[in-house]
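The values are calculated or read from the model by the stated rules, or taken from the named source; none is laboratory data. Small disclaimer: the values here were computed from a predicted structure and weren't measured. FYI the Cβ positions are ideal-geometry reconstructions off the backbone, even for glycines, and counts take in every protein chain you see. These accessible areas exclude ligands, DNA and RNA; they are computed on the full protein's heavy atoms, side chains included. Shrake-Rupley method; radii C 1.70, N 1.55, O 1.52, S 1.80 Å.
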Amino acid sequence: MRKKIVAGNWKMNLNMVQGVSLVGAILKNLPDLNELKQVVLAPSFLNIGVTYQQIMNTPFLSIGAQNCHQEEFGAFTGEVSASMIKGAGASHVILGHSERREYFNETSSLLKKKVDAALAQELTVIFCCGEPLSIRDAATENDYVAQQIQEGLFHLEAAQMKHIVIAYEPIWAIGTGRTATAPQAQDMHHNIRNVIATKYGSELAGNTTILYGGSCKPSNAEELFACPDVDGGLIGGAALNAEDFVGIITAMMNSK
Ligand code: PEP
């Protein structure tokens, strides 16, 4: 059976003290997680080590980074490698977030290299995809997202693909308060699973965790997570508030 995951992407928010306080509040009310229902926290690089210290004894609660460089080490001032992330306690890395694609010009060919670098360190990759509003309005979102997945991931062997989690995040829903409806999310997640099945077969596709991201909150999480192909969420704004984040985790725990 495939895993369900709620992952919190803190983006460039929370200093060390604020991050420690948030994690403390989350831990107080965190439901008991299990092999099939897990949580990932993705703080800034600076908070990975301290957050890991806070959660290391909590089963099925893990740390993710929000990005990594494609090279393992070298003269790349200001960058952080996958091996550094791993060494600080992270087990996951978010790659291909629409903000990285848009503001930092991350192309599919660069993302391929980052995916390879992360997998070489045995990190699980949370690979983001999702269309802008113009593509949704033109009703070409299925092809657009399929192409992002093909370009970023289809060079992988099946054994590597097992370490990929997909996060579908329609850009028009990120931080806008406008959530995809449950049928819109289900249709796209089903499309993504079919795309993966065409290359890797239906068994691997059926075992791939596909998260929804975009203005997910406690009030809509239950309906979204009830969709058969929605396996949890990548959460931005609501991950910065312990009550909201735990509410979303609880919705995952209550989902089938
Ligand atoms: C995100 O950017 O990954 C995200 C899902 O943000 P939000 O929940 O704030 O829309």
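Quick rundown of the values:
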| item | result |
| --- | --- |
| Enumeration of residues in the range 37-92 that are in contact with a helix residue (DSSP H, G or I) (Cβ under 6 Å, 6 or more places away or on another chain), farther than 26 Å from Phe225 by Cβ and of a type in the set (Gly, Ala, Ser) | Ala82, Ala88, Gly89 |
| Identity of the residue in the range 1-13, within 16 Å of the ligand (Cβ to nearest atom) and over 19 Å from Gly247 (Cβ atoms), that ends up least open to solvent (accessible area, probe 1.4 Å) | Lys11 |
| Residues satisfying the stated conditions in the range 79-107, i.e. more than 20 Å from Ala7 (Cα to Cα), aliphatic (A, V, I, L, M) and either open to solvent by less than 50 Å² (accessible area, probe 1.4 Å) or within 14 Å of the ligand (Cβ to nearest atom) (or both) | Val80 |
| Some residue of the range 33-50 being charged (D, E, K, R), open to solvent by 40 Å² or more (accessible area, probe 1.4 Å), within 16 Å of the ligand (Cβ to nearest atom) and under 28 Å from Lys162 (Cβ atoms) | no |
| Every pair of residues 6+ apart whose Cβ atoms lie under 6 Å, when the first sits in the range 111-139 and is under 16 Å from Leu234 (Cβ atoms) while the second is among the acidic types (Asp, Glu) | Cys128/Glu169; Gly130/Glu169; Glu131/Glu141 |
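Yes or no, residue by residue, for (1) in contact with an Asp or Glu (Cβ under 9 Å, 6 or more places away or on another chain); (2) within 16 Å of the ligand (Cβ to nearest atom); (3) open to solvent by 50 Å² or more (accessible area, probe 1.4 Å):
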residue: Ala146; (1), (2), (3): no, no, no
residue: Met161; (1), (2), (3): no, no, no
residue: Thr176; (1), (2), (3): no, yes, yes
residue: Pro183; (1), (2), (3): no, no, yes
residue: Asn191; (1), (2), (3): yes, no, no
residue: Gly201; (1), (2), (3): no, no, no
